[in-house]
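The values are calculated or read from the model by the stated rules, or taken from the named source; none is laboratory data. For clarity, every value in this text was computed on a predicted model and none was experimentally measured. Note that we place each Cβ from the backbone using ideal geometry, even for glycine, and neighbour counts take in every protein chain shown. In case anyone asks, the SASA skips ligands and DNA or RNA and just uses the protein heavy atoms, side chains included. Shrake-Rupley method; radii C 1.70, N 1.55, O 1.52, S 1.80 Å.
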Amino acid sequence: MPMPELLPPPTALEQVSDGQLKRYADLVYQRTGIRVSPQKKMLLSNRLRRRLRETGIASFDDYYRHLTCLRSNDPEWDAFLQEITTHETYLFRDDSQWQWFRNVYLAERAAEARGKGSPSLRIWSAACSTGDEPTTIACSIAAFLPNLQQWRIQIVGTDIGVGALEQAQSGVFGERAMRLVPEDYRRRFFTKAKDGQIWQAKPALMSMIAYRQHNLMEPLNERPFDLVFLKNVLIYFDAASKRKVLDNVCRLVRPGGLLAAGAAEGIADMLKGFERLQPWLHRRPQE
Ligand SMILES: C[S@@+](CC[C@H](N)C(=O)[O-])C[C@H]1O[C@@H](n2cnc3c(N)ncnc32)[C@H](O)[C@@H]1O
């Protein structure tokens, strides 16, 4: 007798209904500020099916109920958001901004610091994903800031994703993330693992960076920063969420300090009182 054809389990090709899509989109929005558009129906369905398989939960409705009953720090929330959010990042992304950081920003800070006792530099990499941006900041500082040993450097990297932050904290980067890192930086600031595909940031870089989990929709409990990078995250937010994030972020740019945004963040008109130095660079006035 021929074997019966193995059919996929009932949920394997199922898509969320319009009602379920809206409920999930509202949940994601309330939690993160990210808008899941109706065009993302198939994507959301595929990602949710992965969570159903992992958790053994039978239906989209049951999983929704499950999430709403969990505390916000439950690991399942993180696993869910990991599926929903985009973590794409790599070292030295957006070359022109790093050229500005090295040649203008660090040069000016170094000139200001000349003759001063123990200068300091505090930088926040907000929504830093797997740590590529804070590590690029640390690399650039290590390579370009004269008399580095005299400086007190603090780079704070934050993200909503616990999994992403765990990877960031390991300081390990694959060849893809390293593709724009110049050869001499690789030699100076990273060690290569035996298989040649994995790079480990050296302690000199890692010691400059502290990672913290943080949702941009909430205030961050930190002292003001000299410079804040807020890149490639608000593109997924609507205007109301952007305003809320900017309220939280702008308070932490010190007077005279700078906010470096992504080129497509769409926030220039929302930065009240900030001076626009470049389409992506904004200065908080001195008080
Ligand atoms: C595309 S990555 C950007 C990484 C890096 N800034 C860059 O430009 O390469 C976007 C990151 O934003 C984070 N994210 C999304 N919503 C967030 C929120 N409400 N609070 C904090 N981080 C959030 C995601 O977890 C993800 O790691």
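Numbers for the structure displayed
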quantity: Residue match in region 105-115 (condition: open to solvent by less than 50 Å² (accessible area, probe 1.4 Å) and within 16 Å of the ligand (Cβ to nearest atom)); calculated: no
quantity: Odd one out for ALA201, checked against (1) in contact (Cβ under 8 Å) with a residue 60 or more places away in the chain; (2) within 30 Å of GLY33 (Cα to Cα); calculated: (2)
quantity: Single condition ASP159 does not satisfy, out of (1) farther than 19 Å from GLU222 by Cα; (2) surrounded by 14 or more Cβ atoms within 10 Å (Cβ to Cβ); calculated: (1)
quantity: Subset of region 268-283 [closer than 20 Å to TRP98 by Cα and touching a helix residue (DSSP H, G or I) at 6+ places or on another chain (Cβ under 8 Å)]; calculated: ARG276, GLN278, PRO279, TRP280, LEU281, HIS282
quantity: Any hit, region 176-188, residues being open to solvent by less than 30 Å² (accessible area, probe 1.4 Å) and either out of contact with any helix residue (DSSP H, G or I) (no Cβ under 9 Å at 6 or more places or on another chain) or within 28 Å of GLY33 (Cα to Cα) (or both); calculated: yes
quantity: Complete set of residues in region 147-176 that are among the polar types (S, T, N, Q) and modelled with pLDDT of 95 or more; calculated: GLN154, THR158, GLN167, GLN169, SER170
quantity: Residue in region 55-76 that is part of a helix (DSSP H, G or I) and in contact (Cβ under 8 Å) with a residue 60 or more places away in the chain present; calculated: yes
quantity: Scope region 220-275; condition exposed (fewer than 15 other Cβ atoms within 10 Å of the Cβ), away from the ligand (no atom under 14 Å from the Cβ) and aliphatic (A, V, I, L, M); matching residues; calculated: ALA239, ALA268
quantity: Test: residue in region 23-35 that is modelled with pLDDT under 90 and not basic (Lys, Arg); calculated: no
quantity: Which numbered condition ALA168 fails, given (1) open to solvent by 10 Å² or more (accessible area, probe 1.4 Å); (2) in a helix (DSSP H, G or I); calculated: (1)
quantity: Qualifying residue in region 47-60 (condition: open to solvent by 70 Å² or more (accessible area, probe 1.4 Å), assigned by TED's automatic domain parsing to the domain that holds PRO219 and in contact with a helix residue (DSSP H, G or I) (Cβ under 9 Å, 6 or more places away or on another chain)); calculated: no
quantity: Residue ID - nearest to the ligand (Cβ to nearest atom), chosen from residues in region 130-146 that are surrounded by fewer than 24 Cβ atoms within 10 Å (Cβ to Cβ) and outside any helix (DSSP H, G or I); calculated: LEU145
